[in-house]
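Let me begin by presenting the structure, written as structure tokens, before commenting on it.
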Amino acid sequence: MSRNELQVNCAPENLKIRPYEHRAQYYETDQMGIIHHSNYVKWMEEARMDLMDQIGLNYKQMEEMEIISPVLSIEVEYRSMVHFDDTVVIQTRLTKYNGIKMEVEYRMTDKETGELRTTARSSHCFLNRSGKPISLKRTYPELDTKFFEMKED
């Protein structure tokens with residue numbers, strides 16, 4: 001496979017995306033014994049990479065094609081606390097995509113109780129390695145198709 005090719009797994013139309021799960025670690029807690037707020041952003045990144053893997057858009061392959069997707073903005077609303085050893089289920093959805101930018105929403109709930117812990121959103125763009133914006137629609141139509149199929153209205 002050349003540098004400008006990506007192995008894209010064809011996802012059936014009824015692909016069921018499984019939520020990402022994260023078990024809260026002791027080192028993620030703060031002095032109050034709850035998960036420090038900075039860790040939620042890391043969990044969002046983990047969940048986004050998992051979502052991309054599930055639909056066949058491996059981020060490592062994208063980077064090998066010299067496509068990067070930096071964060072433009074993050075919004076997090078903390079609803080209830082996560083403690084050490086809790087398992088958080090993170091439902092991830094691509095809600096906006098236009099070939100140049102995308103927006104992902106996250107809903108984090110407690111695995112045992114179903115209680116809503118956090119809602120969040122992240123916004124990203126696509127750049128080449130030299131930092132110039134690129135349009136996946138124009139440059140990588142096979143990626144554009146995958147992102148478009150993944151987008152939820």
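Worth pointing out:
- If you go through segment 100-135 and pick out every residue that is within 16 Å of Met52 (Cβ to Cβ) and of a type outside the set (A, V, I, L, M, F, W, C), you end up with 7.
- Residue in segment 130-141 that is hydroxyl-bearing (Ser, Thr, Tyr), over 15 Å from Lys42 (Cα atoms), part of a strand (DSSP E or B) and out of contact with any Gly (no Cβ under 6 Å at 6 or more places or on another chain) present: no
- Near pairs, Cβ below 6 angstrom, 6+ apart or cross-chain, from segment 54-82 (within 17 Å of Leu136 (Cα to Cα)) to any residue that is assigned to a helix (DSSP H, G or I): Ile55/Met150; Leu57/Lys146; Tyr59/Met49; Tyr59/Met52
- Residue in segment 43-66 that is in a strand (DSSP E or B) and farther than 20 Å from Glu21 by Cβ present: no
- For segment 67-83, residues that are part of a strand (DSSP E or B) and of a type in the set (Lys, Arg) total 0.
- Just one of (1) surrounded by 14 or more Cβ atoms within 10 Å (Cβ to Cβ); (2) within 16 Å of the chain's Cα centre (by Cα); (3) not hydrophobic (A, V, I, L, M, F, W, C) fails for Ser73. It is (1).
- Residue ID - surrounded by the fewest Cβ atoms within 10 Å (Cβ to Cβ), chosen from residues in segment 123-139 that are under 21 Å from Lys60 (Cβ atoms) and touching a residue at least 40 places away in the same chain (Cβ under 8 Å): Arg129
Quick grid of which residues meet (1) buried (at least 16 other Cβ atoms within 10 Å of the Cβ); (2) farther than 22 Å from Pro133 by Cβ; (3) of a type in the set (Lys, Arg):
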residue	(1), (2), (3)
Tyr27	no, yes, no
His37	no, yes, no
Ala47	yes, yes, no
Ile67	yes, no, no
Leu94	yes, no, no
Tyr97	yes, no, no
Arg117	yes, yes, yes
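Values in this text are rule-based calculations from the coordinates and carry no lab data. Note that the coordinates shown come from a computational prediction; the quantities given were computed from them, not determined experimentally. Reconstructed Cβ throughout: ideal geometry from the backbone, glycine too, with neighbour counts over all protein chains shown.
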